[in-house]
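The values are calculated or read from the model by the stated rules, or taken from the named source; none is laboratory data. Everything quoted here is computed from the prediction, not taken from an experiment. Cβ placement follows ideal geometry from the backbone for every residue including glycine, while neighbour counts extend to all protein chains displayed.
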Amino acid sequence: MAIGVASFAATNIDDIFVLIMFFSSSPSTYPTKQIVLGQYIRIGLLVTISALGSFISLAVPSYVIGLLGSANRNWCKKAN
């Protein structure tokens, strides 16, 4: 659990700067309620998507998950 909390904090350091920008703007541009609500929605979606991915990884065999990397590589080749 400590590793998860540490990695979450490390990857969301930039979020602090974005929030500082939002809170330092004029109140009419971004009301405080909207900033706080948006932050809760974003974190909720992040946790939900992560949990979904975790449950999917329990149901899908690991060799199939390993094949997703090659699917992404083929998709990128077609895009170029």
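Filtered by the rule that a residue be of a type outside the set (Val, Ile, Thr) and loosely packed, with under 11 Cβ neighbours inside 10 Å, the range 32-52 gives LYS33, TYR40, GLY44, LEU45, ALA51, LEU52. Restricting attention to the range 1-15 and to residues that are assigned to a helix (DSSP H, G or I) and surrounded by 12 or more Cβ atoms within 10 Å (Cβ to Cβ), the residue that is farthest from the chain's Cα centre (by Cα) turns out to be ASP15.
Table: residues versus (1) at pLDDT 80 or above; (2) aliphatic (A, V, I, L, M).
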| residue | (1), (2) |
| --- | --- |
| ASN12 | no, no |
| PHE23 | yes, no |
| LYS33 | yes, no |
| TYR40 | yes, no |
| PHE55 | yes, no |
| VAL60 | yes, yes |
| ASN74 | no, no |
| LYS77 | no, no |
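Filtering the range 16-42 to residues that are part of a loop (DSSP other than H, G, I, E, B) and among the aromatic types (Phe, Trp, Tyr) leaves only TYR30.
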